[in-house]
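The values are calculated or read from the model by the stated rules, or taken from the named source; none is laboratory data. What you are looking at is a predicted structure, and each value in this text was computed from that prediction instead of being measured. Every residue, glycine among them, receives a Cβ derived from its backbone with ideal geometry; neighbour counts consider all protein chains shown.
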Amino acid sequence: MSFRATIQPSGHNFPIEEHETILEAAIKHGYILPYNCRDGVCGVCKGKIAEGRVDYGKYLASTLTDVEKAAGMALFCCAKPQSDLVIECREVNAVSDIPVRTMPCRVQKMDKLAEDVMVLQLRLPTNERLQFLAGQYISILLKDQKPRSFSLANAPHNDEFLELHVRLITGGAFTGHVFNEMKERDILRIRGPLGTFFLREDSDKPVIFVASGTGFAPIKAIIEHALHIDLKRTMHFYWGVHKLADFYMLEKAKQWESSGVKFTPVLSEPLPSDNWQGRIGLVHQAVLDDFRDLSEYEVYACGAPVMVEAARRDYTVQRGLPEDAFFSDMFTFTPKE
Ligand SMILES: Cc1cc2nc3c(=O)[nH]c(=O)nc-3n(C[C@H](O)[C@H](O)[C@H](O)COP(=O)(O)OP(=O)(O)OC[C@H]3O[C@@H](n4cnc5c(N)ncnc54)[C@H](O)[C@@H]3O)c2cc1C
């Protein structure tokens, strides 16, 4: 059975199914409420049911006392609707509303999907979840060294594990460790979420995503989030690598096409054995070739600094993209101490 929930004071409202928690339904429809564990333990998602009835679900008794329940409070990560609802809580409208946390995590899985790309799944401690916006990154904290940044490749609705796509850097201390010494079940310390590379959902402009190499990671998170909330904007995705084997998740990107994301893979140095019939050249140039006027678009670019810099310069100067419609994360190296 389907109901409607209204958030006060914002007045935002969204459909909610009988089997969904308030938090799940809110996130699904693009409204981020404060949360952490999603397991009825931490209490961060506690808010008021101003009107309507809920099934309170399973939660830790000390986190929501009977006195609080009598006063109309509920844990939105556990409570499911039994009628239309009016709830009172704050919405997370900006990254500044999301707490930055330091926590340990376990390496759950390591998959080497290309010669120089390792996909890591990190598991947080029991009852802990990291709240973040699709596209943000975390820092890996290292002993006696500066932290290393890696983008989260999963979207917030799918947060059982944190997914990282790590490219091996020749001479790189941390990525060398990942490829040569790290094992599943090792413990890492992370800090996050960080950054402002996330989809601006208050716009209805068509979107162009441009990624080079593992710049795919945050773009994957954003596209998965966009598809999850059924974003109605036109989406184009350009992904550039050197040779065919560097497309470490090609099938995933191709699958998005059936949901309406136009995907253009681009190789800069295809091997004869690749037998490549697709686009050849620099990925940012492929966008220039396809669009004469970008004045009504938003561009999200991520990956090698040289690609991101060229994209910003050429799209704004040559194609009329407004400066404030260009969003990027550059995969710079961590500066030396
Ligand atoms: C916001 C953000 C998000 C990012 N997300 C990702 C991601 O999702 N995936 C990804 O693959 N990368 C990502 N990066 C890039 C990643 O953080 C860097 O590649 C990182 O520095 C690699 O760490 P490392 O310890 O392996 O290399 P480092 O040890 O930092 O070495 C980097 C480079 O410096 C050279 N170097 C090392 N020591 C010295 C020295 N003493 N003097 C001179 N040169 C030296 C190395 O040879 C190497 O070329 C991101 C970067 C940023 C800023």
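Does Ser268 satisfy the condition of being at pLDDT 95 or above, among the polar types (S, T, N, Q) and either within 16 Å of the ligand (Cβ to nearest atom) or within 20 Å of Ile169 (Cα to Cα) (or both)? Spelling it out, Ser268 is indeed at pLDDT 95 or above, among the polar types (S, T, N, Q) and either within 16 Å of the ligand (Cβ to nearest atom) or within 20 Å of Ile169 (Cα to Cα) (or both).
Give segment 149-160 a look and list any residue that's among the polar types (S, T, N, Q) and near the ligand (Cβ under 6 Å from one of its atoms), or say none.
Going residue by residue through segment 149-160, those that are among the polar types (S, T, N, Q) are 149, 151, 154, 158.
Within segment 149-160, Ser149, Ser151 meet the criteria.
Would you say Glu163 is surrounded by fewer than 17 Cβ atoms within 10 Å (Cβ to Cβ), modelled with pLDDT of 95 or more, farther than 26 Å from Pro322 by Cα and within 15 Å of the ligand (Cβ to nearest atom)? Considered against the rule, which asks whether it is surrounded by fewer than 17 Cβ atoms within 10 Å (Cβ to Cβ), modelled with pLDDT of 95 or more, farther than 26 Å from Pro322 by Cα and within 15 Å of the ligand (Cβ to nearest atom), Glu163 comes out as no. Of all residues in segment 142-151, those satisfying the criterion of being out of contact with any helix residue (DSSP H, G or I) (no Cβ under 7 Å at 6 or more places or on another chain) and surrounded by 16 or more Cβ atoms within 10 Å (Cβ to Cβ) are Pro147, Ser149, Phe150. Whenever a residue of segment 161-177 is in contact (Cβ under 8 Å) with a residue 40 or more places away in the chain and under 12 Å from Val107 (Cβ atoms), its partners that are near the ligand (Cβ under 6 Å from one of its atoms) and not in a helix (DSSP H, G or I), lying with C-beta atoms within less than 7 angstrom and at least six residues away or across chains, give the pairs Leu164/Phe150; Val166/Phe150.
Of all residues in segment 120-177, exactly one satisfies the criterion of being over 25 Å from Gly30 (Cβ atoms), of a type in the set (Ser, Thr, Tyr) and touching a Pro at 6+ places or on another chain (Cβ under 6 Å), namely Ser139. Out of Asp329, Asp314, Asp293, one residue alone is assigned to a strand (DSSP E or B), acidic (Asp, Glu) and touching a residue at least 24 places away in the same chain (Cβ under 8 Å). It is Asp329.
Would you pick out the residues in segment 188-205 that are part of a loop (DSSP other than H, G, I, E, B) and touching a residue at least 60 places away in the same chain (Cβ under 8 Å)? Explain how you work it out, then say what you get.
The first filter runs over segment 188-205 and keeps only residues part of a loop (DSSP other than H, G, I, E, B), leaving 195-205.
Correct list: Gly195, Thr196, Phe197, Phe198, Leu199, Arg200, Glu201, Ser203, Lys205.
Quick check on Thr170: is it farther than 30 Å from Lys232 by Cα and either touching a helix residue (DSSP H, G or I) at 6+ places or on another chain (Cβ under 6 Å) or near the ligand (Cβ under 8 Å from one of its atoms) (or both)?
Working: farther than 30 Å from Lys232 by Cα: yes; either touching a helix residue (DSSP H, G or I) at 6+ places or on another chain (Cβ under 6 Å) or near the ligand (Cβ under 8 Å from one of its atoms) (or both): yes.
Considered against the rule, which asks whether it is farther than 30 Å from Lys232 by Cα and either touching a helix residue (DSSP H, G or I) at 6+ places or on another chain (Cβ under 6 Å) or near the ligand (Cβ under 8 Å from one of its atoms) (or both), Thr170 comes out as yes.
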